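What follows draws every value from the coordinates through simple rules; no lab data is involved. All values reported here derive from a predicted model rather than from experimental measurement. Note: ideal-geometry Cβ built from the backbone for every residue, glycine included; neighbour counts use all protein chains shown.
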Amino acid sequence: MESSRQSPTDDEWTPVTVWGLSGYVAAALLILWQTHSGERWVFLLDNANLAFHEAGHPLFGQLSDRLTVYGGTLGQLMFPLAAVFSFHRQRAALSFAFCVLWLGENLFNISVYMADARVQLLPLVGNGEHDWTEIFSRWGVLDWDTGIAGLVRMAGWMLVVGAGGWLWSRHTAEH
Ligand SMILES: [Zn+2]
């Protein structure tokens, strides 16, 4: 019987070796440390996030002027999300987990910017407008900036820890 080419099933995830699992844990710990201490900036990764962020403003601005301010955040989430879905389709376990880690790291990055909406201490790139001061003001929730930032940071933690737990379960299921 001939079968048509389909995407792999759940059982066909690529194997997770102890090295892959260790690599994830090391990367996650490094990212958690860098995003929760000192400058809260992950070298290279946050530079890439910033590039996608800055590209997102004019990109979404093409659709509507009112979207311009959201475009930065949407832009920096779009790429890790696309990568997460793509590796999920391919059942590439380790790449999938690393992209969930990247997505979670993005949420840490965004939460730092959100929490700055009222105090505005961060150095800004671009036209000097603070995205989250503008967004939270539009929504009438500016006073809640640090609370909302806390929820976004918590979601980041869930992604980072969740992907690690999932990798662990896939590793142990094979042994
Ligand atoms: Zn921006």
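Does at least one position in segment 117-124 carry a residue that is among the aliphatic types (A, V, I, L, M) and on the phi > 0 side of the Ramachandran plot?
Going residue by residue through segment 117-124, those that are among the aliphatic types (A, V, I, L, M) are 117, 119, 121-122, 124.
Imposing the further condition that a residue be on the phi > 0 side of the Ramachandran plot reduces the set to none.
No: segment 117-124 contains no residue that is among the aliphatic types (A, V, I, L, M) and on the phi > 0 side of the Ramachandran plot.
Quick grid of which residues meet (1) in a helix (DSSP H, G or I); (2) away from the ligand (no atom under 16 Å from the Cβ); (3) on the phi > 0 side of the Ramachandran plot; (4) surrounded by 14 or more Cβ atoms within 10 Å (Cβ to Cβ):
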residue: 14; (1), (2), (3), (4): no, yes, no, yes
residue: 23; (1), (2), (3), (4): yes, yes, no, yes
residue: 26; (1), (2), (3), (4): yes, yes, no, no
residue: 37; (1), (2), (3), (4): no, yes, no, no
residue: 40; (1), (2), (3), (4): no, yes, yes, yes
residue: 53; (1), (2), (3), (4): yes, no, no, yes
residue: 57; (1), (2), (3), (4): yes, no, no, yes
residue: 71; (1), (2), (3), (4): yes, no, no, yes
residue: 86; (1), (2), (3), (4): yes, yes, no, no
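Within segment 42-51, track down each residue that is within 16 Å of the ligand (Cβ to nearest atom) and farther than 17 Å from residue 114 by Cα. Steps first, please.
Step one: of segment 42-51, the residues within 16 Å of the ligand (Cβ to nearest atom) are 46-51.
47, 48, 51, listed by residue number.
Any residue at all in segment 115-128 that is out of contact with any Cys (no Cβ under 8 Å at 6 or more places or on another chain), assigned to a helix (DSSP H, G or I), within 18 Å of residue 53 (Cβ to Cβ) and touching a residue at least 40 places away in the same chain (Cβ under 8 Å)?
Step one: filter segment 115-128 for residues out of contact with any Cys (no Cβ under 8 Å at 6 or more places or on another chain), giving 115-128.
Then drop every residue that is not assigned to a helix (DSSP H, G or I), which leaves 115.
Applying the additional criterion that residues be within 18 Å of residue 53 (Cβ to Cβ) yields 115.
From what's left, touching a residue at least 40 places away in the same chain (Cβ under 8 Å): none.
Checking segment 115-128: not a single residue is out of contact with any Cys (no Cβ under 8 Å at 6 or more places or on another chain), assigned to a helix (DSSP H, G or I), within 18 Å of residue 53 (Cβ to Cβ) and touching a residue at least 40 places away in the same chain (Cβ under 8 Å).
Filter segment 100-146 down to the residues that are surrounded by fewer than 12 Cβ atoms within 10 Å (Cβ to Cβ) and more than 24 Å from residue 66 (Cβ to Cβ) and list them by number.
119, 121, 123
Residue by residue through segment 91-120, note down the ones that are within 16 Å of the ligand (Cβ to nearest atom) and either touching a strand residue (DSSP E or B) at 6+ places or on another chain (Cβ under 6 Å) or of a type outside the set (Phe, Trp, Tyr) (or both).
Once the filter is applied, which keeps residues that are within 16 Å of the ligand (Cβ to nearest atom) and either touching a strand residue (DSSP E or B) at 6+ places or on another chain (Cβ under 6 Å) or of a type outside the set (Phe, Trp, Tyr) (or both), segment 91-120 yields 106, 107, 109, 110, 111, 112, 114, 115, 116, 117, 120.
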